[in-house]
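Notes follow the structure.
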Amino acid sequence: MQAAGNNRRKLGNLRKSLARIRVFDPACGSGNFLVIAYKELRGIEAEINARLGEAGRRSTIPLTNFRGIELNSFPAEIARLALIIAEYQCDVAHRGQAEALAEFLPLDARNWITCGNALRLDWRSVCPPAGTGVDQRAEDLFHTPQQAGRAFANEGGTTFICGNPPYRGSQWKSKEQKEDLKAVFDGRVKNWKSLDYVSGWFMKAADYARATPADCAFVATNSICQGRQVPVLWPALFATGARIAFAHNSFKWANLAKYNAGVSVVIVGLSRRPATPRRLFTLADGGTTRRTCTHINAYLIAAPDVIVTPRPKPLADVADMQFGNMPNDGGHLLLSFSQADAAINAHDVPSKFIKPIVGSKEFIRGEERRCIWVADSEYAEAKENAWLCARFEAVRRHRLSSRSETTRQLANTPHRFGEVRQRGDEQTIVIPGVSSEHREYFPVGLVPPGAIISNSNFALYDAPLWNLAILASRLHLVWVGAVCSRLETRFRYSNTLGWNTFPLPPLTQNDKARLAECAKDILLAREACFPATIADLYAPGATPEPLCRAHARNDEVVERIQAGRRFRNDTDRLEWLFEAYVKGQTGVA
């Protein structure tokens, strides 16, 4: 009997706590998140009532505990009506149609959805903190403070902030959206202009949670957890006391919201509570995996709070990585294969002035393209050719028409690329700036002397071959996948973030020799499959067995040099790399 009484008390207390839960969506649109939350809580309440033998009991969960902000008036009104309809549907399901209909009409005139700009409003006025007494907004809607208090049961409750804020990258924000972010971040965060628009909602939620028990979770562009946005946004969020309680790594998601079709997103939940364990979700073959861990960092990795910042020079003793060459030519120094052939054979252009140019597509897909490449010492000779001279003049006019003073100055050297970073006779290790995330390894490689690297690639010019073994390793790929930005879900390489921050212990001459042999084996395995392209060789499930073995051997050598052991999986690799990065930054051996 005593056990049964204790159980009833627990269930009764749980039912009371449901009435003190507030759900707040500061980007609510037509209210979908709020409606789902309301229905789920009503379902839990109905189960409690059934276990207490009180099925059909009137709900104590008030609609006014479900608050929202929406910029546009029409969806804001739809959200209010959707909640009223949700209440009716829940009453039908859990109390009966007669009881539901008796209370449904006339429609409630109260409103819990605020029409306004969420980044300019004070969220505490929309959804007042728990423990601050009667909600003034609720009091305005009712006849007495007592009625208002019952309608918005905030004492001792917890607020759950959720939503799907607008997705606008740093390059695509409107003038008004930039001003919105300025209102949130200016004076507290440097370089806030580089942040995605959704960052403002995270910052506002973290600030709100300082005033009242509140957790938040938003669907957000995955870029806020990658690359250069991490050191800008996350130190400010963590400074409020917020920590990542749970997260879902990148996945593609399409919904009905404007501008949200087919984007790559993450879900990040923040809390000030010392929640342990924390949960990390990842989309994998066959479904979603869930990992329990003690901490999740800003890169959505089960590792300490490490912020990887760009470095101008490598942390390790490796070759210096540079950009490729940027033409800034209006297309007049770039040629198709057939145009290059005609220039040489029909216009008597000396072949020494025509060189292969390698961009990301050319390297990965095996496409051919050419460019005009004339050294300063060769300019006088080159412009004697009428066809080349016409090309140079077209480049000059293009550059003079620019609004940029720097570009206009380049009109003085119309035979040269706008940015030149190689002589043209180097042996070059090439790293595509953007490549598919579906490959097991980065499609890095070696191009022969005479090839010009375009600015869609990064390059190591005349670097020792062992550097290629590091770049081609699985260890390097998972590091770049974690700390660099993405283009949708594709890898977007960065020399200052991916290469210059990569932790690597001091290498002996024997280490470098072993790595060079591994690089040669990979190149030879590719060569044996000629004319297959990089795209062919590294298509998922299509990599030839000899090339797989060469990569496996390379991984073993790289990982044993790094850690003295093979890693179990990518999670093991990342956790070790973050620890090694911290040691490398602090000089700890």
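Defining a contact as two alpha carbons under 8 Å apart and six or more residues distant in sequence, what relative contact order in percent does segment 506-589 show?
Answer for segment 506-589 is 27 percent.
How far apart, in nm, are two points set 7 Å out from the Cα along the Cα-to-Cβ line at residue 517 and at residue 84?
Result: 7.9 nm between the two label points.
Positive end of the charge dipole of the chain (Lys, Arg +1 and Asp, Glu -1 on Cβ, about the Cα centre): tell me which of 200, 223, 480 has its Cα farthest that way.
Of the options given, the answer is 200.
Taking a temperature of 20 °C and a viscosity of 1.002 mPa s, what whole-number D in µm²/s does Stokes-Einstein yield for segment 436-589 with Rh from Kirkwood over alpha carbon pairs?
131
Determine how large the accessible area of residue 192 is when every protein chain is in place; take a 1.4 Å probe and give Å² rounded to the nearest 10.
30
Counting alpha carbon pairs within less than 8 Å and at least 6 residues apart, what relative contact order, in whole percent, applies to the chain?
Once divided by the residue count of the chain, the mean separation gives 10 percent.
Grab the DSSP H runs of the chain that are 4 residues or longer, score each as -39,500 (n - 2.57), total them, divide by all residues and round the 222 nm result to the nearest 500 deg cm²/dmol.
-12000 deg cm²/dmol
Shape of segment 414-469 from its Cα gyration tensor (a ≥ b ≥ c, root eigenvalues): rounded if a/c is under 1.5, otherwise prolate when a/b > b/c, or oblate?
It is oblate, given that a/c is not under 1.5 and a/b is not larger than b/c.
Assuming a ≥ b ≥ c are the square roots of the Cα gyration tensor eigenvalues, decide whether the chain counts as rounded (a/c under 1.5), prolate (otherwise, with a/b larger than b/c) or oblate.
prolate
Can you give the percent of C-alpha pairs in segment 236-353 whose distance is more than 18 Å?
Details: 4986 of 6903 pairs.
The calculated P(r) of segment 236-353 puts 72 percent of pairs beyond 18 Å.
Filter the trypsin sites (Lys or Arg not before Pro) in segment 37-99 to those in DSSP coil with at most 15 other Cβ atoms within 10 Å of their Cβ, and list the result.
Those satisfying the criteria are 58.
Sorted by accessible area (1.4 Å probe), largest first, how do 253, 387, 112 line up?
253, 387, 112
Give the long-range amide H neighbours of residue 426: residues separated by 5 or more places, or on another chain, with amide H under 5 Å away, using H modelled in the peptide plane at 1.01 Å from N.
Hits under the 5 Å cutoff: 450.
Going down the list 204/583; 178/252; 10/204; 361/583, which pairs span over 29 Å between their C-alpha atoms?
204/583; 10/204; 361/583
Taking amide H positions as placed 1.01 Å from N in the peptide plane, with prolines and chain starts having none, which residues 5 or more places from residue 445, or on another chain, fall under 5 Å of its amide H?
Amide H to amide H, under 5 Å and 5 or more residues apart or across chains, residue 445 pairs with 430.
The values are calculated or read from the model by the stated rules, or taken from the named source; none is laboratory data. Note that the structure is a prediction, hence the values are computed from the model and not measured. Glycine also receives a Cβ, built like all others from the backbone with ideal geometry; neighbour counts cover every protein chain displayed. When the accessible area is computed, the model is the full protein with side chains, heavy atoms only, and any ligands, DNA or RNA have been set aside. Shrake-Rupley method; radii C 1.70, N 1.55, O 1.52, S 1.80 Å.
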